[in-house]
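> First, the structure itself, so that you have it in front of you.
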Amino acid sequence: MAEYNLSNRKVMVSNKKMTFSERLYLPEILRGMGVTINHLFKPKVTYVYGKDIRPFATTYRGQHVLKRDDEGRERCVACGMCAVACPAEAITIVAAERQPGEEHLYREEKYASTYEINMLRCIFCGLCEYACPKEAIYLTQRLVEVETNRRDFIYTKDDLLESMDNRIDISQRRLR
Amino acid sequence: MKVTIDGHTIDVEPGTTILQAARKIGGDIVPPAMCYHSLIENTGGNCRVCMVKVAQGSERDPRPMPKLVPSCKTEVQDGMVVENISNPNVLEARKNVVELLLINHPLDCPVCDQAGECELQNLSFKHGVEMTFFEEDKRVFEMTSLGDKIKLHMNRCIVCFRCVKLVDQISPERQHGLLYRGDRAEISSYIQKAVDSEWSGNIIDVCPVGALTDKTFRFKSRVWFLKPMEAHRDCDTCSGNALVWMFGNEIYRVTMRNAPYGEHEELICNTCRFEKKNVSDWEIIGPREYPKFSVINQNNYVTPPKKVVINADKRLL
């Protein structure tokens, strides 16, 4: 059988004879302690739970956001691709037709009059984000807040749609 | 008459077209067709996606035809040899035709009601290329209506003439047609005159793209969320055999029953199509089967799931 060394860090154990300094025992102990003490002066990699806030990965899949375009119009056209891609069937959409005079509210002639995500069903897989042809829905680094009532976990458009004063940055998300 | 299509030989009646002979054989060798529809007289020859190579004209005159021919309009001759998918030139030509059909198509599938049952969508998935050489602006028309029940999106039209020929067939006089020529060609009724016939709703179904849509179903739902159910109703005008698209216990829309290759079984009247949307109006027979990988089967379970038996005793022990 061939030798596989995939990690490139494999060390073969040999049964060689120890040298005189190794047999003295104390120099090797000091060398080992040196490695340990070195780590005292290196930057810490642990986060203290409760004290520090651990940064999220840029592709973290948290609470959804429905994006608006630069002119503040809703991007979602209620095509239903997210709802059909959703493996948990958490998304419900009802579409409506844009009336004359509403061009500043909705980007295209069709929009979602109801857009609901049941956060108890959602498994945060991100397939809705991947399926969206209009770059309207994204998952963000925000966490879904704790509620005391199960009904409150059904997020409606008021909860999901971003406001123009407080826009949510999704420029770090690499999807395609 | 013997005709050979991609190596499959079949005996057909005189007067059969190559497309009909290929459909009798079935399988991968059937050329796609956007404008030919068997319910409508004199359709075909407009879209050019069904072009095939005739490698041998007939038994008596075995010369090949010099150019690709539209298979929906070319009648077979005895001993004809046709190449469809076995000829790379045909496939290359079909790719280019799809690209040309798409140059003025707005590709607004997320908004379009036809998405999911659109023949142009299926065609471009199967035969199209992902890129286009077309950089110019697409033609833009205002949305109009043909009557109070039918919406016309001229942007999406691929000028297949199915609707014009169907209206010619069902009404005594001409009611709508094509204005202008070439790039500016536009389907229109005479000065916004309504297309009023008891059968006019069928032009919605025969439209291969989303240019003609049902105003009573406009933006109500997407087709893959609905369940197509065969239904029957005692109607004086038509046969009453239709397909109702249900969500739960509600009927969202009524269409003609589908047939293979994007065609339909028989026409239904406007009363059945637009006005009978209560479950009590219909006698619902059962779910309609669609091809296995059709998007309409998404999340629908037409066939009962098979019981899986694992013979663990035999294999493992």
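> Based on this model, can you work out whether B:ILE284 counts as open to solvent by less than 70 Å² (accessible area, probe 1.4 Å), at pLDDT 90 or above and outside the structural domain of B:LEU166 (by TED's automatic domain parsing)?
Values: open to solvent by less than 70 Å² (accessible area, probe 1.4 Å): yes; at pLDDT 90 or above: yes; outside the structural domain of B:LEU166 (by TED's automatic domain parsing): yes.
Yes; evaluated as a whole, the condition is true for this residue.
> Limited to region A:68-105, what total is found for residues that are within 11 Å of another protein chain (Cβ to nearest Cβ), open to solvent by 40 Å² or more (accessible area, probe 1.4 Å) and assigned to a loop (DSSP other than H, G, I, E, B)?
The total comes to 4.
> In region A:125-144, which residues are in a loop (DSSP other than H, G, I, E, B) and free of Cβ contacts under 8 Å to residues at least 60 places away in the same chain?
Answer for region A:125-144, where residues must be in a loop (DSSP other than H, G, I, E, B) and free of Cβ contacts under 8 Å to residues at least 60 places away in the same chain: A:CYS132, A:PRO133, A:LYS134.
> Continuing with the same structure: Checking A:ILE53 against (1) open to solvent by 90 Å² or more (accessible area, probe 1.4 Å); (2) modelled with pLDDT of 90 or more: exactly one of these is not met. Which one?
Here A:ILE53 meets the rest and fails (2).
> Here is a follow-up. Among the residues of region B:122-132, write down those that are part of a loop (DSSP other than H, G, I, E, B) and either more than 14 Å from chain A (Cβ to nearest Cβ) or more than 21 Å from B:CYS50 (Cα to Cα) (or both).
Restricting attention to region B:122-132, the residues satisfying the condition of being part of a loop (DSSP other than H, G, I, E, B) are B:128-132.
Selection gives B:GLY128, B:VAL129, B:MET131, B:THR132.
> Restrict the check to region B:240-250 and report whether at least one residue is modelled with pLDDT under 90 and surrounded by 16 or more Cβ atoms within 10 Å (Cβ to Cβ).
yes
> Any idea which of B:VAL76, B:VAL30, B:VAL49 is modelled with pLDDT under 95 and in contact with a Ser or Thr (Cβ under 6 Å, 6 or more places away or on another chain)? Steps first, answer last, please.
Numbers: B:VAL30 fails: in contact with a Ser or Thr (Cβ under 6 Å, 6 or more places away or on another chain); B:VAL49 fails: in contact with a Ser or Thr (Cβ under 6 Å, 6 or more places away or on another chain).
Residue meeting the stated conditions: B:VAL76.
> When region B:101-121 is examined, which residues are found to be in a helix (DSSP H, G or I) and touching a residue at least 40 places away in the same chain (Cβ under 8 Å)?
So the first thing to find is which residues in region B:101-121 are in a helix (DSSP H, G or I), and the list is B:101-102, B:119-121.
Selection gives B:LEU101, B:GLU119, B:LEU120.
> Only one of A:VAL45, A:VAL65 is in a strand (DSSP E or B) and more than 11 Å from every other protein chain (Cβ to nearest Cβ). Can you tell me which?
On inspection, the qualifying residue turns out to be A:VAL65.
> Being of a type outside the set (Ser, Thr, Tyr), touching a Gly at 6+ places or on another chain (Cβ under 8 Å) and either part of a helix (DSSP H, G or I) or within 30 Å of B:PHE217 (Cβ to Cβ) (or both): is that true of A:ILE37 here? Talk me through it step by step, then tell me what you get.
Values: of a type outside the set (Ser, Thr, Tyr): yes; touching a Gly at 6+ places or on another chain (Cβ under 8 Å): no; either part of a helix (DSSP H, G or I) or within 30 Å of B:PHE217 (Cβ to Cβ) (or both): yes.
No.
The values are calculated or read from the model by the stated rules, or taken from the named source; none is laboratory data. Just so you know, these numbers come straight off a predicted model, no measurement behind them. Here the Cβ is made from the backbone with ideal geometry for all residues, glycine too, and neighbour counts use every protein chain on show. These accessible areas exclude ligands, DNA and RNA; they are computed on the full protein's heavy atoms, side chains included. Shrake-Rupley method; radii C 1.70, N 1.55, O 1.52, S 1.80 Å.
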